[in-house]
Every structure is written in C-alpha cells, then in structure tokens.
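Data first, discussion second: the structure below is written as structure tokens.
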C-alpha cells in the first residue's frame with residue numbers, strides 16, 4: 001500500500017468519524033439535534049464528504065468491513081488489507097481524540113450538572129458520544145439480536161456500495177454522484193438500526209473512539225456489557241455482514257447483472 005492510499009484512508013476515516021460522532025456529541029451535550037433523522041443525515045453527509053475528499057487518494061473504503069469485503073470479492077489485493085485497516089483505525093482514533101479535546105470542558109460540565117460520575121454505569125450517557133451501546137434505550141435488545149442487527153445493517157451497506165459502484169450495473173449513478181448515494185445509504189440504515197444498536201456498521205468507527213473514552217476515564221463504562229459485546233456486536237457483526245454481502249454480490253447479483261437478456265419485460 002502506498003503512502004497516498006494510507007493517507008486517503010486515514011484522512012477519510014478521520015473526517016467521517018469527526019462529523020458523525022461530532023453530531024452525537026452536540027446532541028448529548030447541547031441538544032442541538034432533536035432526533036435520529038438529523039443525526040443520520042449528519043453521518044450520511046460526513047461519509048459523502050469524506051469519500052469526495054479522498055477517493056482520488058485511496059479507494060475510500062473508510063470501513064474495515066468494506067475493505068474485507070473488497071478483498072473477499074477480489075476487488076482489492078489481500079496484501080493491502082493490513083495497511084488499510086491500520087489507516088482506518090488510526091484515523092478514527094485521531095478523530096476521537098479531537099472530539100474529546102473540543103468538548104472535554106463541556107463533558108465535565110454536563111457530568112457535574114447531571115450528577116454523573118465518569119466511569120460509573122450511568123456514564124454511558126456521555127461515553128456513547130464515542131462508542132455505541134445496545135440495550136440502553138427503549139428497544140429491547142439481546143446480545144444475539146444486536147449482533148444480527150449490526151451484521152444485517154452492514155450487509156445492506158456493503159451490498160449497496162457494490163451495486164452503486166459496479167460497472168456492470170447499468171442502473172448505478174454516475175461516478176460523480178456515487179458518494180452522495182453511499183452517504184444516503186448510510187443515513188437510511190441508521191434510521192432503521194440505530195434504535196437497536198446506535199448503528200455502528202464500522203469496526204474502526206466504534207472501537208477507536210471507544211478506546212479514547214476508555215483512556216480518558218470512562219474505563220469499563222466505555223463498553224456496552226461485561227461479556228465482550230463491543231467485539232461481538234460492533235466488530236465481528238459488521239465484518240460478518242460485510243463479508244456475506246461481498247460474497248452474495250459476487251456469486252449471485254453480479255452474474256445476474258452480467259447475464260444477457262432481452263430486456264426487462266416481465267412477460268418475456
């Protein structure tokens with residue numbers, strides 16, 4: 001992997017996480033956004049801008065689940081996988097640090113005003129600015145359901161990324177518009193999955209900012225449970241979902257797209 005590609009993945013992931021997690025932070029601390037629709041659009045916009053900024057540098061995966069899917073589908077050489085992953089996790093980690101530096105005083109003020117002791121179970125209310133949590137809202141979510149939700153959401157994301165960028169799909173948008181539709185895809189999946197798991201869909205986006213929270217005093221409160229849920233739900237789930245989507249597209253959808261037909265008349 002070249003320095004150019006490493007810089008693209010690091011910078012793109014940094015920007016995406018900065019804007020996305022930033023929207024969660026200003027919602028928690030200041031109530032600037034009033035619902036999932038606004039936060040989802042902020043994430044979608046962050047993804048779109050990050051792709052536009054960096055796709056001339058790297059493939060603008062910005063997500064380990066996407067990168068693994070690209071390797072499995074032979075769209076990227078496996079030897080590039082470690083460098084892509086390192087750049088993505090590092091970019092997300094740096095974004096988590098910047099967010100903490102920007103809002104550290106406001107976080108402390110919020111904790112004092114709401115009698116929250118950082119590191120206590122209740123401090124997930126601020127830790128969720130960095131990493132995701134399942135089973136903390138109105139929805140009843142078990143660990144298996146949370147894993148399935150993250151896997152399914154990432155399956156949809158990777159499937160649509162492939163469909164929106166694959167040359168054999170005559171219905172795909174132009175190259176200039178593809179990042180917009182990928183951003184809208186992210187937003188749409190957040191609208192569906194976020195009430196269950198906060199919609200991580202990206203191991204780097206979840207783990208690296210969560211690590212910042214752990215370092216800065218949240219400790220075990222930075223993790224959603226005591227059974228490794230952060231790994232099963234927010235790392236393994238997206239990787240499984242993205243991998244299945246890549247294989248499904250490669251072995252089912254792509255051959256159908258490439259098959260010569262007489263048209264789309266359902267009466268044929």
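The values are calculated or read from the model by the stated rules, or taken from the named source; none is laboratory data. The shown structure was predicted, so the numbers you read here are calculated from the model rather than taken from an experiment. Neighbour counts run over all protein chains shown; Cβ positions are idealised from the backbone, glycine included.
Values as computed for the structure displayed
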quantity: Residue within the stretch 87-106 that is more than 21 Å from residue 29 (Cα to Cα), modelled with pLDDT of 95 or more and surrounded by fewer than 18 Cβ atoms within 10 Å (Cβ to Cβ) present; calculated: yes
quantity: The listed residue being under 21 Å from residue 200 (Cβ atoms) and either assigned to a helix (DSSP H, G or I) or modelled with pLDDT of 95 or more (or both), out of 20, 8; calculated: 20
quantity: Of all residues making up the stretch 43-63, the number that are assigned to a helix (DSSP H, G or I) and buried (at least 21 other Cβ atoms within 10 Å of the Cβ); calculated: 8
quantity: Test: residue in the stretch 29-37 that is in a helix (DSSP H, G or I) and buried (at least 20 other Cβ atoms within 10 Å of the Cβ); calculated: no
quantity: Pair list, Cβ < 8 Å and 6+ apart or interchain, from the stretch 1-28 residues that are on the phi > 0 side of the Ramachandran plot and surrounded by 19 or more Cβ atoms within 10 Å (Cβ to Cβ) to residues that are at pLDDT 95 or above and in a helix (DSSP H, G or I); calculated: none
quantity: Exclusive hit being buried (at least 19 other Cβ atoms within 10 Å of the Cβ) and more than 15 Å from the chain's Cα centre (by Cα), set 194, 204, 213; calculated: 213
quantity: Residue count for the stretch 224-268, restricted to those that are modelled with pLDDT under 95 and buried (at least 19 other Cβ atoms within 10 Å of the Cβ); calculated: 3
